[in-house]
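Comments concern the structure below.
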């Protein structure tokens, strides 16, 4: 294909093999030229927060520049083998990228020789500041391409198409460990674990520390051979920033359902050390536990609570149903796992020792090494509910059937209003629930189509998810307020279910503030509070108020969106969660401590806490706790009741209105939920601040005055 720019290919001949393609999508900062045409921004385009840096705006890197960095560090060309037109227009699967940097969408395609391929998209923009990381990623790719082992997924090379960088690797039958275990619940899990240890030992013998050994980075072949993957996704995914957040923060707004923190050694989790072989051994043990149980480490806790456990040196509980007491093999394995989780990295066994001891456990008794789930264990119930056999896999509900269910439960059908010839060719953004496309109604109105990630099968869990989704969409459809995004309806798009809403010209709050630094931020804050007040007046708890869930319309009005965790007060249903304790939609920086500590679910008081954080975000243009990048350190700060530092340049002390605002925010962040103001009180205080005489805004921080107030 002429548009395909090639960058890389390994030395081995992979023509006879299926291929996996992982694509790093660099379209995040594209601008729509016409309804179906795309272009990269000019080199003068600004990145998040670039207007506030000493160096001035950073430049976006175009593909030939990116390729030059990759080629200089040894990446090979794989693009000429790929049949790009064969790639499906819609993803066949959506999942979280294992390192937690954003959503991953999987597409099918083929090689020119007809072999099937898999393409996995991650959306990012690359800028000059990322050159060193890009070079590091290239070195990791080169290192990966030299790995030749039956338990390591090989790398063919790198290719580029439509401004997207792709890593190309051999096809695997199962994308990750959990997909395999659901399809094969009786698989020999001790043998699987031993083979994973074999792969890790090989890497360590090559002086390679993986850094992210976990179930989502274990692909599995049809013959039950596990293959370690995910070598460079963390590095590649950390290049560029998809939202307009100041680069000094270097924080990803997307929060994965299960954070990779669950698998990380405490010294790495707390940023005391970089990735190393001792940390890999710790993570390998967590992955072995994950393999035996079929569940993630600390499965009964959400991410923040799990981080606190790890930081305090508390290991996972022994899963008695899977590793019973007085069972020699189970006792041997549990002892080994405990040694791998030693607080002092030097006390942990090496990966070679782990391999030797695992081999001892399975030698001579391979058929009896399988872990059998107890009939009523959570894992057994989950397996039964989702995928017990290949029959269930193929008995999926169609999109049409699912939409019919949604319409029956009160969702509006938007299909007849849409001009189906006016869609963007590629997603304009990615959210926690799916891709977002741009389109038009027949009357010419611009719309956004947000494709939902729903498990469309016949299981009870899937049916409940659909009912919950219908309930949430119904709630949203009944909301009518200038500061709450309207839901036009739902429709089918690219064989997916899509929510249809008006297009917001200025996208998210962060991007808007970066583009219009002189905007009246008090007015914006008041509009956001008005939207929250409306929801609470309708007895609706939003549950995820933050800057990325605030969109700005063409007339510069703030509207609240993303009802993914919203619920009527008398219900406890969640949009996409199948486990009530995981709280997948949660965003740490905006989360009230009682929710973080799992003392309560989402609540009106929790919304007020998050609103206070969002007002701070609006005033400063930075996320809360912007100086704290590490997730674990952030969790500890919130648990210790430490508020964000007062931004003196934006909310100066000894200024009457600034002091009033800061007092309001600190009340919103009260540790005791009952001590927080109601959203109505927040509204009144913001209006009182705005009604006074304010200095003319210059768009720059001014000492002695709160900006735009």
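Within segment 528-542, the only residue that satisfies the criterion of being under 12 Å from residue 558 (Cα atoms) and more than 28 Å from the chain's Cα centre (by Cα) is 530. The single condition among (1) surrounded by fewer than 14 Cβ atoms within 10 Å (Cβ to Cβ); (2) assigned to a loop (DSSP other than H, G, I, E, B) that residue 346 does not satisfy is (2). For residue 341, the requirement of being in the same structural domain as residue 208 (by TED's automatic domain parsing), farther than 17 Å from residue 279 by Cβ and surrounded by 12 or more Cβ atoms within 10 Å (Cβ to Cβ) is not met. Only residues that are in a helix (DSSP H, G or I) and closer than 19 Å to residue 476 by Cβ were counted across segment 501-521, and they come to 0. Residue count for segment 289-315 under the criterion of being under 22 Å from residue 588 (Cα atoms) and either touching a strand residue (DSSP E or B) at 6+ places or on another chain (Cβ under 6 Å) or outside any helix (DSSP H, G or I) (or both): the result is 10. Just one of (1) at pLDDT 85 or above; (2) surrounded by 20 or more Cβ atoms within 10 Å (Cβ to Cβ); (3) more than 15 Å from residue 523 (Cα to Cα) fails for residue 619. It is (3). In this entry, residue 214 is excluded by the filter for residues that are more than 30 Å from residue 545 (Cα to Cα), surrounded by fewer than 20 Cβ atoms within 10 Å (Cβ to Cβ) and either at pLDDT 90 or above or assigned by TED's automatic domain parsing to the domain that holds residue 360 (or both).
The values are calculated or read from the model by the stated rules, or taken from the named source; none is laboratory data. Not measured: the values here are computed from a predicted model. Methodologically, a virtual Cβ is constructed for each residue, glycine included, from the backbone with ideal geometry; neighbour enumeration extends over all protein chains shown.
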